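The values are calculated or read from the model by the stated rules, or taken from the named source; none is laboratory data. Fair warning: this is a prediction, and the values are worked out from it, not measured in the lab. Don't worry about glycine lacking a Cβ; one is built from the backbone with ideal geometry, like all the others, and counts go over all protein chains shown.
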Amino acid sequence: MDKETGAAKKPSAPTDKKSLRNWWIKTVLLLLLIGASVAIMFTLGNYVAGDEQVGFVQMIKGINLPLLFAFLGFILLYILVESAKYAYMLKMYTGKFRLRTAVKVMFLGKYYDGVTPFASGGQPFQIYYLYKKRDIPRGAASAIPLARMCVSLFVWCLFALVLMSVAPNYLESSAHISVSATVRIVAWFSIVLNLSFPILFAVLSFFPRFTMKAMAFIVFVLKKMHIVKKKYAVTKKFVHGVREYCTAMRTLITKWYFFVPLLVLSLMETCINVCIPFFAVASVANVPPSGDFLLQIACLTIISQFSAYLIPTPGNTGAVETTTSFVYASVLMARPEVSAVIGWVVLVWRFFTFYIYILSGVGINIFEIARGAVRNRRARNAQEQNGPNASEK
């Protein structure tokens, strides 16, 4: 239990045998998917570089340490800025600056985004975690993760639209090798589709009656599918939550002076987000950093990530690795120093921005499972030693 909140720590380990078995199956499949993604990265790298693809030892020797430290520094800065958004909204809704809770909420979202299709599971688990906080209103508990998601996604999509519109030449190399038209179209479609979600959430917050009716209809459908058992209780709970959520969201939207810091933090996060793969390429490939190269990597990252968003794997695992390797290779193969380490570049970038959250969550769950098993065995041994009447005494 979390001493601060009284709520179970997240990610929580499964308890009963059925959920434990399902968790192990999902975890093994996810790890296999990550392994397959790594294999795809290096397969594409070998295809591009041929015999010039470097090995692990050569890659380590060729790393530019100052640029690697800059890469790690930007990752820490990203975590700090992402956590600051949650801390700011907690301060706005509760009057308390709670950085520790904000960091927990951020890591919780990263982990569950990584283990759910379309990276869509982070917000529900963040809401559940905040619901357990007695001093946080339920409307705020719903609004904080969703508002953070909406604002971040809105800024990220606008940033992508502007950059892709003003810098299309950065999607080509000096050898006139460019990203295929199909990949570009898919990325543009994904940008527009993702931009519609925050707009939809914002509009629905001003129509609470329609939103509550839609929620009641969803519960009705879930009842017919035998997913929900108690229709009235669930409908009442959800409708009440929607009402509080709409009120909290309207407060955020109508009071622009509350909204501006969140927009600024989201813009900072977006800029940091495109700098991270740039420093991954620059450090691993030992390429001198420049403004033009930064803009090129930013455009390639936008194309690859938005293309991968449409593939429903857990956390877009495999999709991001494949699209990034393909997109980077199609343009950067004119740079021998980069094409020879494309597989390593994508691996380093994904490890520190995605795999590390998944592996940490899996490790925490395994530790919780093992600790629970040890405690249960000790409790059984103690009960056997004290006799059957020990609990009654």
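The residue pairs whose first member lies in segment 301-325 and is in contact (Cβ under 8 Å) with a residue 60 or more places away in the chain, whose second member is among the charged types (D, E, K, R) and in a helix (DSSP H, G or I), and whose beta carbons are closer than 6 Å, counting only pairs six or more residues apart or on different chains, are 315/113. Residue-level check: of (1) more than 23 Å from residue 130 (Cβ to Cβ); (2) at pLDDT below 85; (3) in a helix (DSSP H, G or I), residue 252 misses just (1). Scanning segment 88-116 for residues that are buried (at least 18 other Cβ atoms within 10 Å of the Cβ) and in contact with a Ser or Thr (Cβ under 7 Å, 6 or more places away or on another chain) yields a total of 3. Being touching a helix residue (DSSP H, G or I) at 6+ places or on another chain (Cβ under 6 Å) and of a type in the set (Val, Ile, Thr) holds for only one residue in 264, 284, 260, and it is 284. Among the conditions (1) over 19 Å from the mean Cα position of the chain (by Cα); (2) surrounded by fewer than 23 Cβ atoms within 10 Å (Cβ to Cβ), the only one that residue 282 does not satisfy is (2). Restricting 294, 267 to those that are surrounded by fewer than 22 Cβ atoms within 10 Å (Cβ to Cβ), of a type in the set (A, V, I, L, M) and either in contact with a Leu (Cβ under 9 Å, 6 or more places away or on another chain) or under 21 Å from residue 199 (Cα atoms) (or both) reduces the list to 267.
Would you mention how many residues in segment 117-167 are assigned to a loop (DSSP other than H, G, I, E, B) and buried (at least 18 other Cβ atoms within 10 Å of the Cβ)? Give the derivation first.
Taking segment 117-167 and keeping what is assigned to a loop (DSSP other than H, G, I, E, B), we get 118-121, 132-137, 167.
If we keep only those that are buried (at least 18 other Cβ atoms within 10 Å of the Cβ) as well, we get 119, 121, 133, 136.
Total satisfying the criteria: 4.
One residue stands out among those in segment 94-112 that are modelled with pLDDT of 85 or more and of a type in the set (Val, Ile, Thr): the one that is farthest from residue 128 (Cα to Cα), which is 103. For residue 258, the criteria (1) surrounded by fewer than 24 Cβ atoms within 10 Å (Cβ to Cβ); (2) within 19 Å of residue 180 (Cβ to Cβ); (3) among the aromatic types (Phe, Trp, Tyr) hold in every case but one, which is (2). Hey, can you tell me all the residues within segment 145-156 that are out of contact with any Pro (no Cβ under 8 Å at 6 or more places or on another chain) and modelled with pLDDT of 90 or more? Passing the criteria: 152, 155, 156.
Only one entry in 45, 35 is part of a helix (DSSP H, G or I), modelled with pLDDT under 90 and surrounded by fewer than 16 Cβ atoms within 10 Å (Cβ to Cβ), namely 35. Is there a residue in segment 317-336 that is modelled with pLDDT of 90 or more, of a type in the set (Phe, Trp, Tyr), part of a helix (DSSP H, G or I) and within 22 Å of the chain's Cα centre (by Cα)? No: zero hits.
For segment 70-87, the condition holds for no residue, the condition being that it is at pLDDT below 90, surrounded by 14 or more Cβ atoms within 10 Å (Cβ to Cβ) and out of contact with any Gly (no Cβ under 9 Å at 6 or more places or on another chain).
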